[in-house]
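The block underneath contains the structure these notes are about, expressed in structure tokens.
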Amino acid sequence: MSFNRRSFGPNSQVSLFTLGTMRAIESSQQMYKVLESAIAAGINHIETAPAYGPAEDFLGDSIQRLKLKNKLPEGGLIVTSKIQPGISFDEGKSEIKNILSRLRISKIDNLAVHGINLNEHLEWALNGEGADLLTWAQQENLIDQIGFSSHGSIPLIQKAINSNRFVFCSLHLHLLDPQRIPLAKLAIKQGMGVMAISPADKGGQLQNPSQMLIEDCKPIPPIELAYRYLIAQGISTLTVGASKTEDLRLPQKLSSADGPLSQEEQRSIERLNSIRRTRLGNDFCGQCKACLPCPKQIPIPEILRLRNLTVGHDLQAFAKERYNLINKAGHWWETVDASACNNCGDCLPRCPYHLEIPDLLKDIHLKLIDKPRRRLWD
């Protein structure tokens, strides 16, 4: 069976799906089984990081075992690992050498700056010690391609893409949150590879969707519709955080499904968006961001997006998880929740939808506030 590949920067051709390794860290044997199944599903691209606990050690061991059994894909595996921004030159050198040691390889195919979420992170990579570190690693032939991941603002990501320093990027791209799709298309137009970060879990916990969302997407399962939407947009590769072999069944089914959306898929997406808007009625937030800046620095559009999904598709479990991470994840996520609203009304005249924003913020805060869950790779 032949599997489709897409360009991921000038030097890599990767599968439509990428195995994310943060969920297969219970044992080396778990990683081995997941990696073996991923290869059988047509996957040749693996995403890992030092921050994922023992993932790199387990992955390095599993790659060697599969190599001895002659089970690696044709052309070998392409591995992407990461370094945190802001570390010193010497710390970075040590980290890169440790990554190579854990993975049992002599060269990292793709090294991403993990979390360019603030302007100072980008400055570190372009003009600071990070720039020197990345240049040194390429000159020493320890890494091939350089990229970045980001959970940051749209202007910051655009600046990183336009810097011409990176040849790939990893972004939050989702069927239920398509606002960064234009950034992905900009990157692709410039010859960069684009990886969608967690399009299922961070895209709405689509691996365990609400019954309402299932009905809204019929006849196509929500996760399949989300995958096909991103593939049809031209995204290079989609991450799959597999913890067991069964998690690779859908990626295997879609391993060559890189054509445009079918009429049935288009109708499902149009109906999904229409139903959401109808359910929200006059409270629908169109994500235009005209309400910003908020004097209290409340991320109004993001919080109202969670309200759109809660009311629109009953994705309360997902929205609760995201909402209760506010101010608990540092620069990886928002830092001010809706309780900070003091009804100043500054946003009201700017909203083209004439939303009663303070009331909506209070409503969704009461619906979602709960104890925060621990992030998977903390």
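The values are calculated or read from the model by the stated rules, or taken from the named source; none is laboratory data. It should be emphasised that the depicted structure is a prediction, and the values quoted were computed from it without experimental measurement. Cβ sites come from the backbone with ideal geometry, for glycine too, and all protein chains shown count toward neighbours. Side chains are part of the model used for accessible areas, which takes the heavy atoms of the whole protein and leaves out ligands, DNA and RNA. Shrake-Rupley method; radii C 1.70, N 1.55, O 1.52, S 1.80 Å.
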Of the conditions (1) of a type in the set (Phe, Trp, Tyr); (2) over 22 Å from Val240 (Cβ atoms); (3) surrounded by 17 or more Cβ atoms within 10 Å (Cβ to Cβ), Trp136 fails just one. Which one is it? (3)
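In segment 139-184, which residue that is among the aromatic types (Phe, Trp, Tyr) and closer than 20 Å to Asn127 by Cβ is surrounded by the fewest Cβ atoms within 10 Å (Cβ to Cβ)? Steps first, answer last, please.
Taking segment 139-184 first, the residues among the aromatic types (Phe, Trp, Tyr) are 148, 166, 168.
Pick out the ones that are also closer than 20 Å to Asn127 by Cβ and you get 148, 166.
Details: Phe148: 27, Phe166: 23.
Across segment 139-184, the extreme among qualifying residues is Phe166.
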Pro251: open to solvent by 10 Å² or more (accessible area, probe 1.4 Å) and either on the phi < 0 side of the Ramachandran plot or outside any helix (DSSP H, G or I) (or both), yes or no? no
Only one of (1) outside any helix (DSSP H, G or I); (2) charged (D, E, K, R); (3) under 30 Å from His121 (Cβ atoms) is not met by Asp258, so which one is it? (3)
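Confirm whether Arg228 is under 30 Å from Glu47 (Cα atoms) and either surrounded by 17 or more Cβ atoms within 10 Å (Cβ to Cβ) or in contact with a helix residue (DSSP H, G or I) (Cβ under 8 Å, 6 or more places away or on another chain) (or both). Spell out the reasoning first.
Numbers: under 30 Å from Glu47 (Cα atoms): yes; either surrounded by 17 or more Cβ atoms within 10 Å (Cβ to Cβ) or in contact with a helix residue (DSSP H, G or I) (Cβ under 8 Å, 6 or more places away or on another chain) (or both): yes.
The answer is yes for Arg228.
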Residue under evaluation Ile214, criteria (1) closer than 30 Å to Asn11 by Cβ; (2) outside any loop (DSSP other than H, G, I, E, B), criterion not met: (1)
Restricting segment 39-51 to residues that are touching a Phe, Trp or Tyr at 6+ places or on another chain (Cβ under 6 Å) and modelled with pLDDT of 95 or more, the residue that is surrounded by the most Cβ atoms within 10 Å (Cβ to Cβ): Ile43
All but one of (1) over 15 Å from Arg307 (Cα atoms); (2) at pLDDT 95 or above hold for Gly281, so report the exception by its number. (1)
Enumeration of residues in segment 185-211 that are open to solvent by 50 Å² or more (accessible area, probe 1.4 Å) and either part of a strand (DSSP E or B) or within 17 Å of Gly20 (Cα to Cα) (or both): Lys202, Gln207
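Across segment 90-112, which residue is farthest from Phe168 (Cα to Cα) among those that are touching a strand residue (DSSP E or B) at 6+ places or on another chain (Cβ under 8 Å) and charged (D, E, K, R)?
Here is the first cut: in segment 90-112, the ones touching a strand residue (DSSP E or B) at 6+ places or on another chain (Cβ under 8 Å) are 92, 95-96, 99-100, 103, 105, 107-112.
Cutting the leftovers down to charged (D, E, K, R) gives us 95, 107, 109.
On the way: Glu95: 21, Lys107: 17, Asp109: 12 Å.
Top of the filtered list is Glu95.
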Please enumerate the residues belonging to segment 163-201 that are charged (D, E, K, R) and in contact (Cβ under 8 Å) with a residue 40 or more places away in the chain. Arg165, Asp177, Lys185, Asp201
Taking segment 3-38 as the region of interest, how many residues are under 17 Å from Ile231 (Cβ atoms) and either open to solvent by 10 Å² or more (accessible area, probe 1.4 Å) or out of contact with any strand residue (DSSP E or B) (no Cβ under 7 Å at 6 or more places or on another chain) (or both)? 6
